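Since the structure comes first, as C-alpha cells, the remarks are kept for the end.
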C-alpha cells in the first residue's frame, strides 16, 4: 500500500513539473496559431506557416491531415512517428521542439475530435494567441453530433482566451461568437467571395480560395503583407492529401485522376466536384471512385446519397468496405444499376484496370470517400503510374 501511495505521489509531482516546463516552453514561442475546423485544417495550417516563413517569421508547424507532418523553420518536413495510436500529448513534444528550434511562431493543427479533448488541446496545451476555425460541416457526427450545430459548438471549444479568432464559417459563426464573447476574444469572419480569385493561380495543386483567403487574413494580422505571404504559400509543400491532377496514358487512353478522398463530407466533396466541373467536356468519360471504410458506417450511408445526388457520372466504382449499402442507397435514389461497379475488396490494380475498360478515348476520374485504406492505396497507384510516364 505504501509503495502504491509513493508511486502516486511521484506521478503527481512528475505531472506538475512537466506542465510547468510546458508553460515555460509556450512562453518562449510568442505566436501560437491553433487551427481547427471540419475541413481544410491541414491546408490552412500549411498555408499560414508558409506565409509567415516568407515574411521572415521563424515558424514551426505540425499538421495531422492525411499524414501527420512536422515542418521545420526552413520548410523541410518529416513524418510524425508514433509508438502507438495518436495522442494529444504529442503536442507537448511539438511545443518543446519548436522552442528548441528557436521558433517565434508555432502553427498547430488541432488533432482532437472529442469535444472535451478539443477544449484540453486549446486551453491546457496550446493556449493560442490566434485561433482559426475553418468551417463547421457534418462530419464525425458520432462524436461531435448528432447535428451540425453540435459540431459547431464542439469546435468552439478551441476559441482562445483574449486573442483573435479567424473563421470562414458563416452559417454557424454564432457558436464561435458566443464563446469568444465569454473569453474576451475578437472574431473576424473571412469572406472568400470578396477575395481576389486570381490568388489561386500559381499553385502546383488545386487549392481552395477559401483556404487561401483565411490563411492570408491570419498572416496579415501577424504583419506579413499579402504579396509576400501568397508567394511563400505558392512555393510551399502541399499536404499529401492535396488535390493534384495525375495524368496517365494507359492502353492509348488518356486518364486524368483527381483525389478528393480527403474531403469526406458532403459539402466539401460537392465543392470540389463543382470546382473541377468534370461534365464540362462531353467527350470525356466521367468516372467516380468511391472508397468506403467499414469502420465509418456514417460515411457509408452518406456517400450513397452523395454519389446519387451530387456527382453525376457515367460510371461509379465502389471499393473498400461496406460497398453493398452504398450501391443500394444510390440505386434507390435513381442511379442506373448498370453504371455502378461494385469492386469491394478489389486491389488498386483491379480498380485501375476497370477504369481503363470504362474509359473511351479520354476520362476524368474523381476519387471520393476516404483517404484511409483503399482510397490512399488507389491514390498511390495512380500517382506512381502518372510519374512513370
Self-check item: Angle in degrees between helix 374-387 and the longest Cα principal axis of the chain, rounded to the nearest 10
Solution: 70
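Given contacts defined as C-alpha pairs under 8 Å and at least six residues apart, what's the relative contact order of the chain, whole-number percent?
15
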Quiz item: By how many degrees, between 0 and 90 and to the nearest 10, does the Cα long axis of helix 209-221 differ from the longest principal axis of the chain?
Solution: 20
Practice problem: Return 347, 59, 148 ranked ascending by Cβ neighbour count within 10 Å, so the fewest neighbours appear first. | Solution: 347, 148, 59
Practice problem: Mind checking the full-extension length gain between residue 4 and residue 123? Use 0.36 nm per residue of separation minus the Cα-Cα distance, one decimal, nm. | Solution: 39.7 nm
Practice problem: Just need log10 I(q)/I(0) for region 1-148 at q = 0.14 Å⁻¹, Debye formula, equal scatterers on the alpha-carbon atoms, no solvent, rounded to two decimals. | Solution: -0.70
Self-check item: Order by protection proxy (mean Cβ within 10 Å, highest first), peptides 113-121, 180-188
Solution: 113-121, 180-188
Exercise. At q = 0.21 Å⁻¹, work out log10 I(q)/I(0) for region 245-387 with the Debye formula, treating every Cα as an identical point scatterer and leaving solvent out; two decimals please.
Key: -1.37
Quiz item: Three principal axis extents, largest first, for the C-alpha atoms of region 29-114, in Å?
Solution: 34, 27, 21
Exercise. Before rounding to the nearest 500, sum -39500 (n - 2.57) across all DSSP H runs of length at least 4 in the chain and divide by the residue total; then give [θ] at 222 nm in deg cm²/dmol.
Key: -13000 deg cm²/dmol
Quiz item: For region 118-170, with equal point scatterers placed on the C-alpha atoms only and solvent neglected, what are the log10 I(q)/I(0) values from the Debye formula at q = 0.13, 0.15, 0.16, 0.32 1/Å, to two decimals?
Solution: -0.31, -0.41, -0.46, -1.18
Exercise. Largest first and in whole Å, give the semi-axes of region 21-235's equivalent ellipsoid, each being the square root of 5 times a Cα gyration tensor eigenvalue.
Key: 23, 22, 17
Self-check item: Fluctuation leader among 62, 127, 353 - the chain, Gaussian network, Cα springs under 10 angstrom
Solution: 353
Quiz item: On a 0 to 90 degree scale, rounded to 10, what angle separates helix 323-332 from the longest Cα axis of the chain?
Solution: 60
Quiz item: Restricting attention to the alpha-carbon atoms of region 279-337, what are Rg (one decimal) and Dmax (integer), both in Å?
Solution: 11.5, 37
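With N denoting the number of residues in region 119-207, provide Rg(C-alpha) divided by 2.2 N^0.38 Å, to two decimal places.
Values: Rg = 14.5 Å, N = 89, 2.2 N^0.38 = 12.1 Å.
Taking N as the residue count of region 119-207, the ratio is 1.20.
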Quiz item: How many angstrom lie between the C-alpha centres of region 228-279 and region 143-196?
Solution: 27
Self-check item: Principal semi-axes in Å for region 27-72 [√(5λ), Cα gyration tensor, largest first]
Solution: 18, 11, 10
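Values in this text are rule-based calculations from the coordinates and carry no lab data. As the structure is a prediction and not an experimental result, all values here were calculated from the model. With ideal geometry, Cβ positions are generated from the backbone for all residues, glycine too; neighbour counts draw on all protein chains shown.
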